[in-house]
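What follows is one structure encoded as structure tokens, with my remarks underneath.
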Amino acid sequence: MIRDLLNAWGEVNLFTRPRRFGKSLNMSMLKAFFEIGSDKSLFEGLAISEEKALCEAYMGKFPVISISLKSVNGRDYESACSILRSVIGDEARRFETLLTESERLTETDKALYRQLITPDLNGDGNYTMSEATLKGSLKLLSSLLYKHYEKKVLILIDEYDVPLSKANDRGYYDQMVDLIRGIFDLALKTNESLYFAVMTGCLRVAKESIFTGLNNLRVLSVSTVGFNEYFGFTDPEVRAMLEYYNLAEKYDEVREWYDGYRFGNADIYCPWDVISYCAELRMDPVASPKDYWSNTSGNDAVRHFIEMTGSGVTKGEIESLIAGETVTKEIYEDLTYNRLYDSIDNIWSLLFMTGYLTQRGRPEGKRYQLTIPNREIRNIFTDQIMKMFKENVSRDGERLDVFCRALQNGDAAEVERQFNAYLKRTISIRDTFVRKPTKENFYHGILLGILGYKSDWYVKSNRESGEGFSDICIRIEDEDIGIIIETKYAGDALYDAACQEALSQIESLHYTDELREEGYHTIYRYGIACYKKKCRVVCVQENAGIDG
């Protein structure tokens, strides 16, 4: 990456990648390589050490300003500015030798430097720099470093777009845009002290927003061919890592869950997930894959996307994505945070750039074939779908009462009619890449979503608890009724056979024994077979311990 940055020259380079793909680590690497006084032993044995002439010319030869804006998330504009002053002030203080040792800086230069590092002793301990000084802070610091070292400066800005995202969430977006634009204009556009700059972020924010007139900006996004393999892990790297930790047998699981991203023309794994899963496997060798990436941030983009169903997004498009298929859409990479959810086109683009969707094949102009990259991200979509389904159920009390009344009366025909109506209305999760028991989980989840609003019923999901018992057991104590439900996936629409399989399982594995022992007078056994958006329901009743 270092070699390519220098050979494929760009004065200001912006890398946009989803969260948890190693952006900050790469920025630390650049600082460690270029900064004066760096520890050159860090790079011994690494690929860059083979570039002898390049290392001789560039390693440890430059002053480097390195800041991360990921903490600039104030509740209002003033608190955000205070945090930003701390970020830049703390970085400026790393160079206090400008005050104590520099013979090239004048007293005026040193007075200007003090404006960057003077604490507010009467306030909260932050820095006193005015907003005008804050806007010019990076340019000022770079000019002082250039004068002192007589070497042009590298500027590294990690997570450049976080202040804009937080400002948009909290209502001071226009003010923050003006501030960030001012800082970037001075530091990156009209700065004779700058050698080159690298920025990272999740989104490429439109030029007219904060990059006005910045003609030296080179954007390297998830769709760019170039620097593809430098953020995230490639397949050979994952194989080598698993071998190193004696986890080679977990390769298929790791690939299914955490591979699938396409950056430019490279296939990439999410590094955070692979590292997290390997760490867990070292403690628990039988640990199953799980969601790590989704726990590092909110998933508002997916929720907004699903909420657009019927207003620009069809159920069929979401169902196709869940099934592992592709959907062709136009992607617009120049966005502004205050317009992310203004149109469905923007949301498709947002999902693509933030890693919820990835590309397959090569784009045709702005048209991309989009798909969900892997099982982990598919789970985020399905979880949001189930949450929204439950919210919709709670708003339709009349249908809920009809379904539950039919269930407790053993009315299989009405249960089937109502459940079919629920399935028709919701987004179907027809994941073609999973085994039959996993397909059944969707229908099992729909039932639990409905039953969860019967506060006077005791509903136990044995599948969720991992027990080898029935899918759902219901106790209606006031009515002395017990209900056992077993769901089956009816492959090729063989509903009757699947229903009988479910009922046979209830009987052969004695699922109703516990209810009988507890003295329930009426017990219903339900076999429910589901395929796509249809179901078949069969009910067998027991009375006073005698099969009905």
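Summary table below
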| item | result |
| --- | --- |
| Carbon/sulfur fraction of accessible area - region 24-65, other protein chains in place, 1.4 Å, % | 56 |
| Viscosity 1.306 mPa s, temperature 10 °C, Stokes-Einstein D of region 212-320 from Kirkwood C-alpha radius, µm²/s | 96 |
| Whichever aspartates and glutamates have a C-alpha closer than 12 Å to that of Lys460, once near sequence neighbours (fewer than 8 apart) are set aside | Asp471 |
| Net lengthening on full extension, Asp396/Arg114 (0.36 nm per residue, minus Cα-Cα) | 95.1 nm |
| Cβ-Cβ FRET estimate between Thr326 and Thr106, R0 fixed at 51 Å, reported to 0.05 | 0.25 |
| Of the chymotrypsin sites (Phe, Trp or Tyr not before Pro) in region 1-77, those whose Cβ has at most 14 other Cβ within 10 Å and which sit in DSSP loop | Trp9 |
| Relative pair counts by distance (%), Cα atoms of region 331-445, 5 Å bins | 2, 9, 15, 16, 15, 14, 10, 8, 6, 3, 2, 0 |
| Fully extended contour minus Cα-Cα distance, from Arg339 to Glu253, at 0.36 nm per residue | 27.2 nm |
| Cα gyration tensor of the chain - equivalent ellipsoid semi-axes, whole Å, descending | 57, 25, 21 |
| FRET E, pair Asp169, Ser130, Förster distance 22 Å, beta-carbon r, rounded to 0.05 | 0.25 |
| Enclosed volume per residue, in Å³, of the convex hull spanned by Cα atoms of region 205-249 | 111 |
| Proportion of all alpha-carbon pairs of region 283-347 beyond 15 Å (%) | 66 |
| Filtered trypsin sites (Lys or Arg not before Pro), region 118-217: DSSP coil and at most 15 other beta carbons within 10 Å | Lys151 |
| Percentage, to the nearest whole number, of Cα pairs in region 302-386 over 18 Å apart | 37 |
| Overall Cα dimensions of region 129-218, principal axis frame, Å, largest first | 42, 31, 21 |
| Descending principal axes extents, region 159-288, alpha-carbon based, whole Å | 53, 33, 24 |
| Cα→Cβ-extended label distance, 7 Å offset, between Glu150 and Lys290, nm | 5.9 |
| Pairwise centroid distance, computed over Cα atoms, of region 441-515 with region 215-263, Å | 41 |
| Binned Cα-Cα distance frequencies in region 71-110 - 10 Å width, integer % | 28, 33, 23, 15, 1 |
| Taking N as its residue count, the alpha carbon Rg of region 489-548 over 2.2 N^0.38 Å | 1.24 |
| Per residue accessible area in Å² of the chain, where ligands, DNA and RNA are left out and the probe is 1.4 Å | 45 |
| Percentage relative contact order, the chain, counting C-alpha pairs under 8 Å, at least six apart | 11 |
| Cα-based Rg of region 10-162 normalised by 2.2 N^0.38 Å, two decimals | 1.14 |
| Whole-percent carbon and sulfur share, accessible surface of region 301-351, 1.4 Å | 43 |
| Alpha-carbon Rg/Rh ratio, for region 255-313, with Rh computed the Kirkwood way | 1.11 |
| Reachable aspartates and glutamates from Lys366, criterion Cα separation under 14 angstrom, eight or more residues apart if same chain | Glu330, Glu333, Asp334, Asp345 |
| Cα-based Kirkwood hydrodynamic radius, region 470-515, one decimal, Å | 11.6 |
| Taking region 23-121 and dividing mean pair separation by its residue count, relative contact order in percent (alpha carbons under 8 Å, at least six apart) | 20 |
| 10 Å-binned pair-distance histogram of region 450-540 (Cα, whole percent) | 17, 47, 31, 5, 0 |
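The values are calculated or read from the model by the stated rules, or taken from the named source; none is laboratory data. Here the structure is a predicted model, which is why all the values come from computation and not from measurement. Cβ: placed from backbone, ideal geometry, glycine included. Neighbour counts: every protein chain shown. These area figures cover heavy atoms from the full protein model, side chains too; ligands, DNA and RNA do not enter into them. Shrake-Rupley method; radii C 1.70, N 1.55, O 1.52, S 1.80 Å.
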